[in-house]
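Accompanying notes for the structure given below.
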Amino acid sequence: MTVSNDAGDAKGELHSQQNIAPRIFAAKEPEAKICVSATRAILPRWPKHVVESPAAPRTSAPRPCHVALSRQSLMLIDTHCHLDFPDFAPELAETIARAKARGVGRMITISTHLPRFERVKAVAEAYPEVFCTVGTHPHHSHEEAEPTVEALVSLSRHPKCVGLGEAGLDYHYDHAPREVAQRIFRIHVRAARETGLPLVIHTRDADDDCAAILKDEMGKGAFPALLHCFTSGRALAETALQLGLYISFSGVVTFKNAEYLREIARDVPLERMLVETDAPFLAPAPHRGKRNEPAFVVDTARVLAEIKGISAAELAIATTENALRLFSKMPSLDAAA
Ligand SMILES: [Zn+2]
């Protein structure tokens, strides 16, 4: 069983931990119409980010119920792509236009190197639909000066910066010494806790250490976060959900040999699910082998809707509402368009 992973990684082994812990989320999901105010009542609501920034967070006025919302959030949000990568340089405007034409209303371009944040930021500044994060990918955490919490907090004040990361652990490639990667992961957690901005977590073949750090850090004080391009085991998914995290699925969930991942996706509560591309990597079926791009998030969303037994529209409404709730600094869809 093989599957590729992100940030320029070669093919890797999907670990198939089937340790069925008690299925905390066995309860049947309310497949019926999603009423946002109802879901909002049961979900952790992160405090508006504390960092004063011109793009002031939305007022706390309750959003319209699903009727108005569904029209707005039939758009999808690609919560993880790398638009600053050279793969897109020749046709970035066309790539973003294609995504919009397919109903992708927002794209979050993810930082991987702190010294390259200027480039990431420039893409977000150039396109109203694009937002960004700031942080150091675990592959590179040993290659550059260690970020400080203060530096991450300060850089995240940029109005288009809506999150921290990607940061975390990757024991599949083990590019960085594990203790270095763990230390830098925790630095990003502290910045997320301080700012109230969500941390985009990259974790691969590091389920136990990732779970241990999440539990330990959540014990020190809550912080918003998500596990991106989820390919880990069921136990880590359950721990993350218990701690209030969101789980994002990439094109991997469409791969023939990813049945175990589809089983996990089936059990992730709809109100904690996000979709992403991790473009230019991991193009979903039917685009496998091609350069991935935000427009292809539609194909991953369609498969997730089938897995959840709901319509593509309901999946779009739910995942977009989730993304706007988690990335609460990002203006609602009709605000900036
Ligand atoms: Zn990643």
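The values are calculated or read from the model by the stated rules, or taken from the named source; none is laboratory data. Quick caveat, the model's predicted, so the values are computed rather than measured. When we count neighbours, we look across all protein chains shown, and the Cβ atoms used for this are built from the backbone with ideal geometry, even at glycine. The protein model used for the area step is the full one, side chains on, heavy atoms only, and it has no ligands, DNA or RNA in it. Shrake-Rupley method; radii C 1.70, N 1.55, O 1.52, S 1.80 Å.
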Residue in segment 119-127 that is within 16 Å of the ligand (Cβ to nearest atom) and under 19 Å from ASP87 (Cα atoms) present: yes
Test: ARG71 is assigned to a helix (DSSP H, G or I) and at pLDDT below 95: yes
Residue under evaluation ARG116, criteria (1) open to solvent by less than 30 Å² (accessible area, probe 1.4 Å); (2) within 16 Å of the ligand (Cβ to nearest atom), criterion not met: (1)
Within segment 133-148, considering residues that are open to solvent by less than 10 Å² (accessible area, probe 1.4 Å) and touching a Lys or Arg at 6+ places or on another chain (Cβ under 9 Å), the one farthest from the ligand (Cβ to nearest atom): VAL134
Count of residues meeting criterion [over 14 Å from LEU282 (Cβ atoms), within 16 Å of the ligand (Cβ to nearest atom) and among the β-branched types (Val, Ile, Thr)] in segment 218-259: 1
Tabulated pairs, segment 112-140, first part of a helix (DSSP H, G or I), second aromatic (Phe, Trp, Tyr) and crowded, with 23+ Cβ neighbours inside 10 Å, C-beta under 9 angstrom, 6+ apart or interchain: ALA124/PHE131; PRO138/PHE185
Tabulated pairs, segment 160-186, first without any contact (Cβ under 8 Å) to a residue 24 or more places away in the chain, second open to solvent by less than 60 Å² (accessible area, probe 1.4 Å), C-beta under 9 angstrom, 6+ apart or interchain: ASP174/ALA181; ASP174/ASP205
Residue list for segment 84-112, restricted to those being more than 16 Å from the ligand (Cβ to nearest atom) and in contact with a Lys or Arg (Cβ under 8 Å, 6 or more places away or on another chain): none
Residue in segment 177-217 that is farthest from ALA145 (Cα to Cα), counting only those that are within 16 Å of the ligand (Cβ to nearest atom), in contact with a His (Cβ under 7 Å, 6 or more places away or on another chain) and open to solvent by less than 10 Å² (accessible area, probe 1.4 Å): ARG204
Helices (runs of 4 or more DSSP H) within segment 283-337 that include 3 or more residues at pLDDT 95 or above: 297-308, 312-326
Members of segment 154-176 that are farther than 22 Å from VAL123 by Cβ, surrounded by fewer than 24 Cβ atoms within 10 Å (Cβ to Cβ) and touching a helix residue (DSSP H, G or I) at 6+ places or on another chain (Cβ under 8 Å): TYR171, TYR173, HIS175, ALA176
Any hit, segment 152-174, residues being more than 16 Å from the ligand (Cβ to nearest atom), among the β-branched types (Val, Ile, Thr), under 24 Å from SER250 (Cβ atoms) and at pLDDT 95 or above: yes
